[in-house]
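Beneath this line is the structure, given in structure tokens, with notes to follow.
The values are calculated or read from the model by the stated rules, or taken from the named source; none is laboratory data. All values derive from a computational prediction rather than experimental measurement. FYI the Cβ positions are ideal-geometry reconstructions off the backbone, even for glycines, and counts take in every protein chain you see.
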Amino acid sequence: MLFDSANLILMVNTESELDVGIYRMEIRGFPKIQQAETTTFRVIVQPNTPPAFLGKLKDHKLYIDEAIKYTLPLYKDMENEVFVKAVRYGRSHLPYFIEFDEATRTFTIDP
């Protein structure tokens, strides 16, 4: 848990479903010498719902010298935090003959 004092934001990062729940927090401060003020509030940690495609991903066969376009199905995400990016496994970019348009979710393959 981190507190961003510049923006007055309490940030909670969880990596486990075991952290889901409601937590009671108490913050005590001293605006004047020997005069404590206490504020109590709840922190609600909700599970992340993973994004899901609304249709099936289809297999495609690629043939030498045949160009194709393939559009990924629409997806839903409860948190609206999905960013679709295509990268080659173990590498930072796709081969030169494959392009991916993030806005339309479309691969253009032109060997």
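Conditions (1) loosely packed, with under 10 Cβ neighbours inside 10 Å; (2) of a type in the set (A, V, I, L, M, F, W, C); (3) in contact with a Lys or Arg (Cβ under 6 Å, 6 or more places away or on another chain), marked per residue:
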{"site": "4", "(1), (2), (3)": "yes, no, no"}
{"site": "11", "(1), (2), (3)": "yes, yes, no"}
{"site": "30", "(1), (2), (3)": "yes, yes, no"}
{"site": "36", "(1), (2), (3)": "yes, yes, yes"}
{"site": "39", "(1), (2), (3)": "yes, no, no"}
{"site": "62", "(1), (2), (3)": "no, yes, no"}
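One residue alone among 22, 64, 27 is hydrophobic (A, V, I, L, M, F, W, C), assigned to a loop (DSSP other than H, G, I, E, B) and either within 30 Å of residue 111 (Cβ to Cβ) or not assigned by TED's automatic domain parsing to the domain that holds residue 105 (or both), and that residue is 64. In a residue-by-residue description of the range 34-54, the property of being of a type outside the set (Val, Ile, Thr) and in contact with a Ser or Thr (Cβ under 7 Å, 6 or more places away or on another chain) applies to no position. The combined condition, being modelled with pLDDT under 80, more than 30 Å from residue 108 (Cα to Cα), of a type in the set (Val, Ile, Thr) and surrounded by 10 or more Cβ atoms within 10 Å (Cβ to Cβ), is fulfilled by residue 43.
Go through the range 76-106 and give me each residue that's part of a loop (DSSP other than H, G, I, E, B), among the polar types (S, T, N, Q) and modelled with pLDDT of 85 or more. Break it down into steps so the answer makes sense when it comes.
Quick first cut of the range 76-106, residues part of a loop (DSSP other than H, G, I, E, B) only: 77-97, 102-105.
Imposing the further condition that a residue be among the polar types (S, T, N, Q) reduces the set to 80, 92, 104.
Within the range 76-106, 104 is the sole residue that qualifies.
Yes or no: the range 71-79 includes at least one residue that is over 26 Å from residue 97 (Cα atoms) and β-branched (Val, Ile, Thr). No - not one qualifying residue is present in the range 71-79.
When you look at residue 88, is it within 29 Å of residue 1 (Cβ to Cβ) and exposed (fewer than 12 other Cβ atoms within 10 Å of the Cβ), yes or no?
On the way: within 29 Å of residue 1 (Cβ to Cβ): no; exposed (fewer than 12 other Cβ atoms within 10 Å of the Cβ): yes.
Judged against the criteria, residue 88 is not a match.
Say we look at the range 33-61 and pick out the residues that are assigned to a strand (DSSP E or B) and among the small types (Gly, Ala, Ser); which of these is farthest from residue 15 (Cα to Cα)? In this case the residue turns out to be 36. Applying a threshold of 8 Å to beta carbon distances and a minimum spacing of six or more residues, or different chains, the list of pairs starting in the range 23-52 at a residue that is under 19 Å from residue 5 (Cα atoms) and ending at one that is modelled with pLDDT under 80 and part of a loop (DSSP other than H, G, I, E, B) reads 43/12.
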